[in-house]
Amino acid sequence: MRKLNFGIISYAHPHALRFASQIAGGKNTKLVAVSGDGSNTDVARAEARKYGARFYESYEELLRDENVEAVYIAIETYRHREVAVRAAEEGKHILLEKPIALNLKDADEVIKSAKKAGVKLMLPFNPRFTDPLRKAKEMLDTGEIGVLEYVNAISENVKPPIFLQGLDMSWFLDERKSGGGGFMDTAPHGVDSLLWLTGDVPKKVYADIGAKIYGFPVDDIGTAVLEFRKGVLAVLTAGWGNPKGYSYGVEMKYYLVGSEGFLDVRTAYPDFTVYQERAEKVYWDRPDVRGIVESFARAVLRDEEVPISGELAKKNLAIVLAAYESSRKGKPVKLDL
Amino acid sequence: MELKVGVVGCGNIFNLAHRNALRAMEGVRVVACMDVIGERADEGARAFKARAFTNLDEFLDLDTDVVEVLTPTYTHAEIAVKALKAGKHVIVEKPIALTVEEGQRMIRTAEKEDLHLLVGHVRRFDKRWVQMKEIIRKRNILPMHIRKSEVQYLPFPADYWYWDEGRSGGVAVDLGVHVTDFLRWFFGSEPVSVYAVGKAIREEARANGTFDHFVMMISFEGEKTGIAEVSWAYPYPARYGVFYHQVDVMGKNGRIRYTPLDTPVVGVAKANFEMPRFSPLLSTFPDAFERELRHFFNVIKGREEPLITAEDALIALKIAEKAKESARSGEVVEV
């Protein structure tokens, strides 16, 4: 298989760091261009140099680079729609950071423009690309623990700004740019896992989300009770609740209760940090990030379906937004997905 | 001063916990054991060289200071009220009663008779939780979000009283009051509202028209959130032990987590793996019951102020009762 030429648009989202490393070193991907729009343009420039990719000040210039076939968009969430629609118009395949957009209308626009342009659109939800959760899914599908009845899912990250040197992440604390705080940041991962594990969608959600821990202007922790159509009950806690001293950085956990068995699944692959004169986070070749990049590249190169479509990501967003709505109203919210 | 104690109900919780705790107790003497099953009453009485009864009125006629009520939940109110009216202080196992109304009647009677009514919420005497609560205070953790799970695979057949909601209150009450009290105790705040979802996973639950898996999200004053998960349907294999607690306290100044699933346990690995347990049914340590009873007897002797009152136990039950209402209606219910 030939290599897919990638461009990265923006380093506003810190995931750009790990995706860059994966794309550049990928079996069938190549990092050819980086653009510096949004926060952290200096980091983007340095990364372009590090990987020998072309650097563009603005994403518009990058989109006009004919050498670029696909883009990974890590710009602030409120600009997802604008940038993704433009990327589609320029015929670039799109790997778009989550959440897909700020609202469902924008999500629709992203999906429609990708369809119209005939380009692939994929969202990167990591947990389903981790070995433990894949194993759990396999065991569920073969009936190893009977009928799945209950899931307690935990998708928690550390207190932001995550201790990355030289990265400006203040936009995460601005709801107009991020769509929400800790729950918006981490719940989509847990929601994707639930959708994938159950093969079903929730019909009702009740949630409590708030700025409870740190005094940020945005929420830092939330819990949602999700009732799925076919009967699975799930409780999802998501946010930034892990203090600095916590032994896990990101923590993705699942307690799966079946009629005949119980699975205790932990999926996070922690990065590691080297502390010397300064702290440096090291992004090793994580199987989940590799899985996302490889499956996206394969879908593009072989013209196959992507594993996580825009439509699924829109459902995911609808669930997360319904959780926020429920929390605001103090009442359960019904979903029709 | 020696207290004369009579025990009503010589079944599970008596045999697993109270018998040994009472034997270790100084300053009290068990003088009577009553059970509707004669054999059980005899066996209980033998352990204390006490008198055995199968008739409640005869048992209450005997000169005792304190009656311990260790019977199934649906009988708590009747027995406790009778004992109080007969002039005995009462220690009753949790839940205080099957319904809030019954619990209120017990409290009113105790007040009228000017006697102590103490409810065995043993979690408040479990070293793990006592120490956790102490650390929360000392380090000013300021809890805002607490998840507490108490789950097990209930080892009883479908016709056992636990499965009958009209006798036990169901899992939402039986295990539920442990967790609702725990959350209120840890937050130090009063409950505002509750949303709950119940499931019937096991055949035993479906056959009895009750839930065996129950999740509550409880809002407490001060924007605090408690998540309670209780279950009789956790299909834990024996190697996991039979009863599980999980606690996750997230506060403004830190986080405390307890989960035996993450922690290495002392285990025995031979052909298979076993986790030795002191008892297949018990959810706490035997010394917690000892501390609880010693404290209760000291309260009765006027030496200590109660760490948990009957009103506390009543609120724990009230939250669980409202949670059941929420699970039925699918709506948030005010507490």
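The values are calculated or read from the model by the stated rules, or taken from the named source; none is laboratory data. These numbers were taken from a predicted model, which means no experiment stands behind them. Here the Cβ is made from the backbone with ideal geometry for all residues, glycine too, and neighbour counts use every protein chain on show.
Set side by side, the residues B:177, B:197, B:215, B:171 differ, and just one is surrounded by 24 or more Cβ atoms within 10 Å (Cβ to Cβ), within 10 Å of chain A (Cβ to nearest Cβ) and in contact (Cβ under 8 Å) with a residue 60 or more places away in the chain, which is B:197.
Okay, residues lined up against (1) among the acidic types (Asp, Glu); (2) at pLDDT 95 or above:
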| residue | (1), (2) |
| --- | --- |
| B:92 | no, yes |
| B:99 | no, yes |
| B:103 | no, yes |
| B:118 | no, yes |
| B:124 | no, yes |
| B:150 | yes, no |
| B:157 | no, no |
| B:167 | no, yes |
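Checked against (1) within 14 Å of another protein chain (Cβ to nearest Cβ); (2) in a helix (DSSP H, G or I), residue A:331 passes all but a single condition, namely (2).
Being more than 20 Å from residue B:319 (Cα to Cα), surrounded by fewer than 23 Cβ atoms within 10 Å (Cβ to Cβ) and over 15 Å from the mean Cα position of the chain (by Cα) is true of residue B:113. Could you pull out the residue among A:199, A:215, A:182 that is out of contact with any helix residue (DSSP H, G or I) (no Cβ under 7 Å at 6 or more places or on another chain), surrounded by fewer than 24 Cβ atoms within 10 Å (Cβ to Cβ) and within 14 Å of chain B (Cβ to nearest Cβ)? The match here is A:215.
The number of residues in the range A:138-157 being within 14 Å of another protein chain (Cβ to nearest Cβ), modelled with pLDDT of 90 or more and assigned to a loop (DSSP other than H, G, I, E, B) comes to 3. Just one of the listed residues (B:223, B:165, B:229, B:203) is within 18 Å of the chain's Cα centre (by Cα), within 10 Å of chain A (Cβ to nearest Cβ) and not hydroxyl-bearing (Ser, Thr, Tyr), namely B:229.
Among the criteria (1) surrounded by fewer than 23 Cβ atoms within 10 Å (Cβ to Cβ); (2) touching a helix residue (DSSP H, G or I) at 6+ places or on another chain (Cβ under 9 Å); (3) away from every other protein chain (no Cβ under 14 Å), the one residue B:134 does not fulfil is (2). Mind checking whether some residue in the range B:81-95 is away from every other protein chain (no Cβ under 14 Å), free of Cβ contacts under 8 Å to residues at least 24 places away in the same chain and surrounded by fewer than 23 Cβ atoms within 10 Å (Cβ to Cβ)? Within the range B:81-95, none of the residues are away from every other protein chain (no Cβ under 14 Å), free of Cβ contacts under 8 Å to residues at least 24 places away in the same chain and surrounded by fewer than 23 Cβ atoms within 10 Å (Cβ to Cβ). Could we say that residue A:231 is within 21 Å of residue B:229 (Cα to Cα) and either in contact with an Asp or Glu (Cβ under 6 Å, 6 or more places away or on another chain) or assigned to a loop (DSSP other than H, G, I, E, B) (or both) here? Considered against the rule, which asks whether it is within 21 Å of residue B:229 (Cα to Cα) and either in contact with an Asp or Glu (Cβ under 6 Å, 6 or more places away or on another chain) or assigned to a loop (DSSP other than H, G, I, E, B) (or both), residue A:231 comes out as yes. Just to be sure, is residue A:133 hydrophobic (A, V, I, L, M, F, W, C) and touching a strand residue (DSSP E or B) at 6+ places or on another chain (Cβ under 9 Å)? Here the answer is yes, as residue A:133 does meet what is asked. For the range A:243-257, what are the residues that are facing another protein chain (nearest Cβ under 7 Å) and assigned to a strand (DSSP E or B)? Passing the criteria: only A:257.
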